[in-house]
1. Pairs under 6 Å by beta carbon, first residue closer than 30 Å to Glu259 by Cα in the stretch 288-307, partner of a type in the set (A, V, I, L, M) and in a helix (DSSP H, G or I), six or more apart or different chains?
2. Condition first: touching a Ser or Thr at 6+ places or on another chain (Cβ under 9 Å) and open to solvent by less than 10 Å² (accessible area, probe 1.4 Å). Now tell me which residues in the stretch 181-213 satisfy that.
3. Please work out which one of (1) surrounded by fewer than 21 Cβ atoms within 10 Å (Cβ to Cβ); (2) part of a helix (DSSP H, G or I); (3) touching a residue at least 12 places away in the same chain (Cβ under 8 Å); (4) not acidic (Asp, Glu) is the condition Leu114 fails and give its number.
4. Only residues that are out of contact with any strand residue (DSSP E or B) (no Cβ under 7 Å at 6 or more places or on another chain), part of a helix (DSSP H, G or I) and open to solvent by less than 10 Å² (accessible area, probe 1.4 Å): list them for the stretch 134-149, please.
5. Within the stretch 136-163, which residues are of a type in the set (Val, Ile, Thr) and within 16 Å of the chain's Cα centre (by Cα)?
6. What is the number of the single condition among (1) free of Cβ contacts under 8 Å to residues at least 40 places away in the same chain; (2) part of a helix (DSSP H, G or I) that Glu260 does not meet?
7. Residues to consider are Leu203, Leu243, Leu228; find the one that is closer than 29 Å to Glu109 by Cα and not in a loop (DSSP other than H, G, I, E, B).
8. Could you tell me which residue of the stretch 23-39 is nearest to Ala58 (Cα to Cα), considering only residues that are open to solvent by 60 Å² or more (accessible area, probe 1.4 Å) and either in a helix (DSSP H, G or I) or at pLDDT 95 or above (or both)?
Amino acid sequence: MAGFLKGLFSKKTEKEDAGAGTPPQAAPHREASELSKLSERYYRMGNEYQMKGDLERARLYLERASTIYSNFDQVYDECETFMYDCDEQVGMLEDEELIYNEILEQVEERAEELTNRQSYIWGILSFARLQKVFQKLSVCQGCELLGEMGKVLDVLCHGIERTMTGEELGYFQEFVMRFYDFGDSESFVREENQVSLENGHTLQVFDLNGNSAETCLHIFLDKCAYILETGFHMADYGEAAELDFIPGTLMVDYYLRNEEGDPHGLPQIQAETARIWSDFEFVKKDPDIREITERIESYRELDILNG
């Protein structure tokens, strides 16, 4: 299955390939030890779910373990006893019939039917549906930049309509760098960084980790910066859009933590899956700017966690 869990053995390698060019953060010894324990706990939880045959939750926790030891140098060194087995297990889950795997494979197949311009629009529409999720999480410690996603989306919308100003482009590029750093920060992986929702569930920042969604979204935005610098009218001649973050809009990790059983049948996930394919059909018909903008605006008001 092409594209699943890019950079399987190291999330940081994947990000460096995206052009960030900076090494992962080396956390102080005390924090690194705490993160090492957290990584090992997730690894053991993943193993427990694996033995129970619950492969969806096994993936959830094994991916979390891998993200933590991949993002911090010292933690990486401290987790040698289990990280190779963890990576191997994550790799084996690549071929299982998990919801992320299924949707990602279909996204990649259908993207082949689109022009590059259409693919970027598909990605921007998906990104718009995450705005309220980011807004909820922006109150967490060290996560304030998530509250800027609305402004980032504004700049993207301006960029597909007209040539961006130097100020807009500069802001967008600077935000992409800060978003990269955020994905390698303790704020991203810290369990305490969560908000309580009206339905009694909790939403964690780390719920954005599923299927490397945060990493892939960073790559998408990074590529958008290059496309917009040239001009969106030239998108078909630019680098291919990174769409592997699209299954992340399902927020499967959030549901796996808060709900029992198989996530496939959850109404919210079914509704979001329908929106993903509705967007595909929409962009395939080459909508005009007005239609695209109207759809984006409707998504900005949507709370995907409520269906």
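1. Between residues of the stretch 288-307 that are closer than 30 Å to Glu259 by Cα and residues that are of a type in the set (A, V, I, L, M) and in a helix (DSSP H, G or I), the close pairs are Ile296/Ala128; Tyr299/Ala128; Arg300/Ala128; Gly307/Ala271.
2. The first filter runs over the stretch 181-213 and keeps only residues touching a Ser or Thr at 6+ places or on another chain (Cβ under 9 Å), leaving 181, 183-184, 188-189, 193-196, 202-203, 205-206, 209, 212-213.
Across the stretch 181-213, the qualifying residues are Gly183, Asp184, Phe188, Val189, Asn193, Leu203, Val205, Phe206, Asn209.
3. Of everything listed in (1) surrounded by fewer than 21 Cβ atoms within 10 Å (Cβ to Cβ); (2) part of a helix (DSSP H, G or I); (3) touching a residue at least 12 places away in the same chain (Cβ under 8 Å); (4) not acidic (Asp, Glu), Leu114 misses just condition (2).
4. Of everything in the stretch 134-149, those that are out of contact with any strand residue (DSSP E or B) (no Cβ under 7 Å at 6 or more places or on another chain), part of a helix (DSSP H, G or I) and open to solvent by less than 10 Å² (accessible area, probe 1.4 Å) turn out to be Phe134, Leu146, Met149.
5. Taking the stretch 136-163 first, the residues of a type in the set (Val, Ile, Thr) are 139, 152, 155, 160, 163.
Val152, the sole residue that qualifies.
6. (2)
7. On the way: Leu203 fails: closer than 29 Å to Glu109 by Cα; Leu243 fails: not in a loop (DSSP other than H, G, I, E, B).
None of the others qualify; the one that does is Leu228.
8. Filtering the stretch 23-39 for residues open to solvent by 60 Å² or more (accessible area, probe 1.4 Å) gives 23, 25-26, 28-30, 34, 37.
If we keep only those that are either in a helix (DSSP H, G or I) or at pLDDT 95 or above (or both) too, we end up with 29-30, 34, 37.
Values: His29: 29, Arg30: 28, Glu34: 22, Lys37: 18 Å.
The selected residue is Lys37.
The values are calculated or read from the model by the stated rules, or taken from the named source; none is laboratory data. Because the structure is predicted, anything quoted here is derived from the model rather than measured. Every residue, glycine as well, gets a Cβ built from its backbone with ideal geometry; the counts of neighbours run over all protein chains shown. In case anyone asks, the SASA skips ligands and DNA or RNA and just uses the protein heavy atoms, side chains included. Shrake-Rupley method; radii C 1.70, N 1.55, O 1.52, S 1.80 Å.
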